[in-house]
Every structure is written in C-alpha cells, then in structure tokens.
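Shown next, in structure tokens, is the structure this report addresses.
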Amino acid sequence: MVPTLEVQNLRVHFMLDEGVVRAVDGVTFSVRDGKTLGIVGESGSGKSVIGQSILRIVPPPGRIVEGKILLRMENEDGTKGRLDLAQLDPNSRQARSIRGRDVAMIFQEPMNSFSPLHTVGNQIIEALRLHSDVSKNEARNRAIEMLGKVGIPRPEHRIEAYPHQLSGGMRQRAMIAMALVCNPRVLIADEPTTALDVTIQAQIVELLKQLQEEFGMAILFISHNLGVVAEISHDVLVVYFGRVMEQAPVDVLFREPLHPYTRALLKSVPGIDTPVRSKLATIDGTIPEPSELIPGCPFFGRCDQCGGDSVCQDTPYVLTKVAENHSVACPLVCVAG
Amino acid sequence: MSEAQVLLEVKDLKKHFPIHRGVFKKVVGHVKAVDGVSFRLRAGETLGLVGESGCGKTTVGRMIMGAYRPTSGNVWFQPPNGQPRIDLADIRPKQMKPLRRHIQMVFQDPFASLNPRMTVRQILAEPLVVNKVAKGRELEARVRELVELVGLKLIHLNRYPHAFSGGQRQRISIARAMALYPCVIVADEPTSALDVSVQAQIVNLSLEIQDKIGVAYLFISHDLGLVRHFSKKIVLMYVGRVVEYAPAEPLFARPRHPYTEALMSNVPSTRPEMVGHKIILEGDPADPINPPSGCPFHPRCLYAEEMCATVEPPLMEVEPEHLVACHFADVLNLTGCDALGCAV
C-alpha cells in the first residue's frame, strides 16, 4: 500500500542576512491511512516548519530547496497517483484546492485561526463550499453534523456562535470540525493541545483518536510534549536542529530509546520513579546557532554519551536503520552496534 | 517532631472582581476568582498550588504579593525578625513596603518580566538600591554573589536581557527575586514557557537554592508531575475553591477528591505500556462568574449524587493534615497515581 503522505529528504532553508538557516535539513518520513506520526522536538527544532511545508505555507524567506512531498491522490476519474506538493506553486489554484480538502491543519491557538468577525458555522460552511459542490443548506447541515461529531453540545445553536463565545476547548473542537469537514486524508496538528488544560487536553486527544477511527485520516501530530505524543502516536519522529535524530514505533521509542538526545529528553521530565526532590537530568548548553553549518551530529557538545568523541563530530550526519522501523542518527549507537 | 515556623497563613481568602455594564458602569455581578482559600506555608518548605486555568491560583499569588486587595480573608505573614505577625490583607501600602522584600516573586514569562533597557547588573542592583540594602562595593559584591548563585557568569552582567535564552532569563529573574534575602518566593508557573531540558535546569536550580538558603516556595503550577517533584504539601483548587489540601505522598497514593483523581489520570504518560484508564471529564471547568450550586465540581463529577447539586461540601479533615471538600470523601475509593500508572 502506498503511504498517504511520504516526505523524502525535505530541506527548507531560510535565507537571512545572517546566513542560511537550515530549519529542515533532510527529513524523511511517511504516514499511512489511519495512523498517527508524532513529531517531537524542542523549540527551534524545525518541527513546525515541517508541517508548514506540507501545506506550502512556509513564511518567506523560507523556501523548500530540496526534497519531495508525495501525497497519494485518488482522482475523480478513478485514477490514482502521487502528487509532489514540493513542486507546486504555493499560490496556484491547485495548491489552494489541496489545502483544506486533501490536507488540513489545526493550530495551537484556535482564536487566531478563526476570523473573529464571522460565526464558526459560516467559516465551516465556507470551507466546505469552497471545496465541494454543495448547496448552502446541505453545507449547513454538514457543518452541524460535524460540530456534533466533535462533541459540541447543541450544535444547531452553536453554529451561530462567534469564536469568542466559545471556550478554549470548544474552539479547538470547532477548529477540528472545520479541518475535517472536507474529509481530508492528512491532518496536520501543530501543538493542538498546548494551550489547553490537562482535562481538556485529554478530551481533545481522545476525540482525535476517535475521529481517526471513524474517518481514517493520517495524522501528523507535532508537539513538544512527550507524554501527549506517546498517547496519540503510532510512530514517533524525534527532531533536533532540523534533522531526525530517531524514528521508531511509539512503544519502542519510549521503552528503548537509543539516541542520547531522546534519552536525555525523556529523563528530564520527572516521572513516577524519579525520587522526589532529586536532581533531574538536564541537557547542557543550548541548541547551536540556527545558521551554523554542522556536518556531523548536531547534538555534539551537549551529548553526555560521546564525551567529546571526535567520531561524533566528524562522521557526517546519517540516519541509520538499526531494526525494523527503528532508525537512529547517532554514530556511537550505529557504529558500535 | 517540631515543625518549622509558619511564615504565611492564608485564611478564608476571597477575591471577587466586580463586572461593570452599561453607561453608568453598574455592577451587574462578580467574578468569584478566589472564594475561600486557606493554607499554611512553613519556613523552608514548598507548597504546591495546582489547578486549571481560571481556578484562581494566580490571583491567590497576587494577593499575597499585595498586587490585589482581597475582598475578605486574611494573609498572615510572620516577619523573620521576630515581630508579631501581620495581616497583609489589611495594611496600607506604606506599611507594606518594608515587608515586600521578604516576599518576592518569579513570573512565568521571562521575556516580559525583565526590563529590556536594563543590563543584568542594573536589574539585580535595583532591588538592593531601592531598599537601601547595599551600595558601592558592597552592592557590586552582592550582585556578583547572586549571579554565581544562579549559575550565570560575571561576563553576563553587562548584557541586556535580549541576549539571553529563556532559561537564562529565568535564572536572572530568580537572582533578582533572591537579591533581598526573602523568606518566601511566590513562583507563578516559572517553567511553563521553557523546553523540558531547560525546565529541568531551573527545577534543579530552585531546589539547590532552597537547600542552601532555606527559602520557602509557593509554587503555582498546572503541572502535577513537577509539583510532586517539588512540594511537601499540595493545595488543589477548582473554580476559586480548595478541593483538596494534603501532603504530597498520601495525595498521590490515594486522592480523596474525584477532581484530583481525574486530574492525575489525565497527565499524559511517556510510557505507552503504562497508560492506565483515563477519566475523561465532560465539559469545561465551571464559570467563576456563575459557579454551579452546591459542589462546584458536581456537573463534571463521575460520582455526583443529588445532594452534591444543592449542598456545598465543607473542607474537612479526613486524615491528619489531609483536607478534602467532598461529601463522599470517606466512602469513595479513588485510584491514586501509582495505581493508574500515570506519569507523575
């Protein structure tokens, strides 16, 4: 089966006065129908730019300089094929027709993604009528149905609500309804629960899982929160400095992480077996300057495993397969076996 | 066993913000942001104040700092020099000024809480100068001491805040808060804006400072895992009220309030094999303008019965030091964190 979305060696660079910022620097992954790929990383890791480049909404001066973003298409005449989104003109009619219809996105702050001047219902109806040939009435009924599916009580009334009249959790639900109303095959969720309280976060995670079962879309779940990613994902990608450090199925990644960066991240959160008031594991130093050119391991210098080993600095970055579905970009792990 | 001195005793603290409407700004209602909160903070210990957004935890912190005047209730503060204790809720701003140095604050957003036009040296020196604690050579020595205390270098002193990362800025905020040898620090979500690896650094630093200097923290956070790591005792708030107030260990082993149980089960776990059953609460946290009758949690509670909608449960001691505001605290057998297999 061809994956729903396949990204190959994606490079997104920002040409700034200070130099070239390699926000995404050779990222490869794929995701299938009904599966969720979690993308975790700290701020500045490039995880959001990955999501933006799939929708072709990378803000200038960012540019896709290399790579393929292959979206599986099922055309209306029954033919199948793959469309390379990286080749599209971001402003073209085709790109616009794909956004929202085939690939949809939800964001961290739903207040900023809805227009405050229009009702939630009208915005959902607009999205639907833009992409499919339905009458106003039909669209309205679909919108009400969708609002009901995302768990908004009394959707036939709430469809008239303005975004500010809904609570944070309800707004996030409404945004999910808008994203899914055209039945996209890929949903990109960029930190969708970060602004929410834990009880609401749990509701939204549960809702996304349930909707995925019903609609079968593939989800890219971008987050800095390891716990949320662990709960929703089937596979996980750990990104750092624009590169994939480790990729594995969720249970493998959290049970037997191999990359020192993944391990350090997991250890820095106090868990059930961390003694109270004990010193938490930290990661020394900071992320390298974004415009720095690092051919070797970008984690070199902060890593507690290599101890300044020149192998790490000199070995060019490469993501190596260590087991079925498990890849690691650490010279120590890969060379030592 | 002799316990440390109580530095801060908050008693039945309330803050109701009026809602004004219309041309004449008539008061049409009140936001009951804090509606009867009591707890004690002892010297050198950490009290965690936990709750979801809008539960009033930040307002409690601000009332202690004197930024808001409480509607009613007391904030008894014991000054370190052996003077009789003073009610911060009931003093004039002029009287507050000399006391303020004993209670300092660290804020959530390190990008907004440091003046961008001042160098680190000026930021750290200001509280010392304003309070006439030190000047000249003594001032410089104290500033250097502070920089070292929080793990920054002397070369950082002449830089402006924009030159620092989020974690480093939070270190500067902590140094500023420590400048006047306070005995209480109110830390309002001090690590929420930081990445996890940096968060761990700030947590370690705060614990180190506490071990070294013995300052007491009122640690306001929504992160149960962090609060457990930090705190000796925990206050859990829901819509302006305390639902549970207990030492950390028994609280996590066996919570007595259904809200605490749900909150614990909702903390995302990084161990997929340990994901316990989640208690998904329905609806949103209650509206503090118009809180539900009876127990404010009853519309979302899994165990609610008829009386919960009408009678407000008082905060009762179910075990020594373990206070709960639930009619059925004795009857319910709730699952703690350990049994749920959650992350905290």
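Residues in segment A:89-104 that are open to solvent by 20 Å² or more (accessible area, probe 1.4 Å) and either without any contact (Cβ under 8 Å) to a residue 60 or more places away in the chain or in a strand (DSSP E or B) (or both): how many?
Count: 9.
Of these, B:Gly82, B:Gly36, B:Gly48, B:Gly44, which one is surrounded by fewer than 21 Cβ atoms within 10 Å (Cβ to Cβ) and part of a strand (DSSP E or B)?
Checking each option against the conditions leaves just B:Gly36.
Scan segment A:218-229 for residues that are at pLDDT below 95, among the aliphatic types (A, V, I, L, M) and either open to solvent by 10 Å² or more (accessible area, probe 1.4 Å) or not in a helix (DSSP H, G or I) (or both) and jot them down.
A:Leu226 - this is the single residue of segment A:218-229 that is at pLDDT below 95, among the aliphatic types (A, V, I, L, M) and either open to solvent by 10 Å² or more (accessible area, probe 1.4 Å) or not in a helix (DSSP H, G or I) (or both).
Give the residue, chosen from B:Val143, B:Val147, B:Val133, B:Val186, that is assigned to a loop (DSSP other than H, G, I, E, B) and of a type in the set (Val, Ile, Thr).
Step by step, each of B:Val143, B:Val147, B:Val133, B:Val186 is checked, and only B:Val133 is assigned to a loop (DSSP other than H, G, I, E, B) and of a type in the set (Val, Ile, Thr).
Report, by residue number, each residue of segment A:278-300 that is away from every other protein chain (no Cβ under 14 Å) and of a type outside the set (S, T, N, Q).
If the condition is that a residue be away from every other protein chain (no Cβ under 14 Å) and of a type outside the set (S, T, N, Q), then A:Glu292, A:Leu293, A:Ile294, A:Pro295, A:Gly296, A:Cys297, A:Pro298, A:Phe300 are the ones that fit.
Can you give me the number of residues within segment B:106-130 that are open to solvent by 50 Å² or more (accessible area, probe 1.4 Å) and not in a loop (DSSP other than H, G, I, E, B)? Spell out how you get there, then give the answer.
To start, the set of residues in segment B:106-130 that are open to solvent by 50 Å² or more (accessible area, probe 1.4 Å) comprises B:107-109, B:111-112, B:115-117, B:121-122, B:126, B:129-130.
Still in the running and not in a loop (DSSP other than H, G, I, E, B): B:121-122, B:126, B:129-130.
Of the residues in that region, 5 qualify.
The rows are residues; the columns are (1) in contact with a helix residue (DSSP H, G or I) (Cβ under 7 Å, 6 or more places away or on another chain); (2) β-branched (Val, Ile, Thr); (3) open to solvent by 30 Å² or more (accessible area, probe 1.4 Å).
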residue: A:Gly242; (1), (2), (3): no, no, no
residue: A:Met245; (1), (2), (3): yes, no, no
residue: A:Val252; (1), (2), (3): no, yes, yes
residue: A:Leu258; (1), (2), (3): yes, no, yes
residue: A:Val269; (1), (2), (3): yes, yes, yes
residue: A:Asp273; (1), (2), (3): no, no, yes
residue: A:Val276; (1), (2), (3): yes, yes, yes
residue: A:Asp284; (1), (2), (3): no, no, yes
residue: A:Glu289; (1), (2), (3): no, no, yes
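Would you check if there is a residue in segment A:116-133 being modelled with pLDDT of 90 or more, aliphatic (A, V, I, L, M), touching a Phe, Trp or Tyr at 6+ places or on another chain (Cβ under 9 Å) and farther than 26 Å from A:Ser53 by Cα?
Yes, segment A:116-133 contains at least one residue that is modelled with pLDDT of 90 or more, aliphatic (A, V, I, L, M), touching a Phe, Trp or Tyr at 6+ places or on another chain (Cβ under 9 Å) and farther than 26 Å from A:Ser53 by Cα.
Working carefully through the options A:Ala189, A:Ala177, find the one that is touching a residue at least 40 places away in the same chain (Cβ under 8 Å) and within 30 Å of A:Pro288 (Cα to Cα).
When all the criteria are applied, what remains is A:Ala189.
Condition check ((1) more than 26 Å from the chain's Cα centre (by Cα); (2) in a loop (DSSP other than H, G, I, E, B); (3) not aliphatic (A, V, I, L, M)) across all residues:
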residue: A:Arg263; (1), (2), (3): no, no, yes
residue: A:Pro270; (1), (2), (3): no, yes, yes
residue: A:Asp284; (1), (2), (3): yes, yes, yes
residue: A:Ile287; (1), (2), (3): no, yes, no
residue: A:Ile294; (1), (2), (3): no, yes, no
residue: A:Cys297; (1), (2), (3): no, yes, yes
residue: A:Cys312; (1), (2), (3): yes, no, yes
residue: A:Ser327; (1), (2), (3): no, no, yes
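Check off (1) free of Cβ contacts under 8 Å to residues at least 60 places away in the same chain; (2) open to solvent by 10 Å² or more (accessible area, probe 1.4 Å); (3) at negative phi for A:Gly151 and give me the number that stays unchecked.
(3) is the only condition that A:Gly151 fails.
Considering only residues that are part of a helix (DSSP H, G or I) and open to solvent by less than 10 Å² (accessible area, probe 1.4 Å), which ones fall in segment A:36-58?
Residues satisfying the conditions are A:Ile50, A:Gly51, A:Ser53, A:Ile54.
Quick one: in segment B:150-177, which of the residues that are outside any helix (DSSP H, G or I) and aliphatic (A, V, I, L, M) is surrounded by the most Cβ atoms within 10 Å (Cβ to Cβ)?
Step by step, filter segment B:150-177, then rank; the result is B:Val150.
Can you find, within segment A:127-148, the residue that is surrounded by the fewest Cβ atoms within 10 Å (Cβ to Cβ) among those that are among the charged types (D, E, K, R) and in a helix (DSSP H, G or I)?
Among those that are among the charged types (D, E, K, R) and in a helix (DSSP H, G or I), it is A:Lys136.
The values are calculated or read from the model by the stated rules, or taken from the named source; none is laboratory data. If you're wondering where the values come from, they're calculated on a predicted model, not measured in any experiment. Note: ideal-geometry Cβ built from the backbone for every residue, glycine included; neighbour counts use all protein chains shown. Side chains are part of the model used for accessible areas, which takes the heavy atoms of the whole protein and leaves out ligands, DNA and RNA. Shrake-Rupley method; radii C 1.70, N 1.55, O 1.52, S 1.80 Å.
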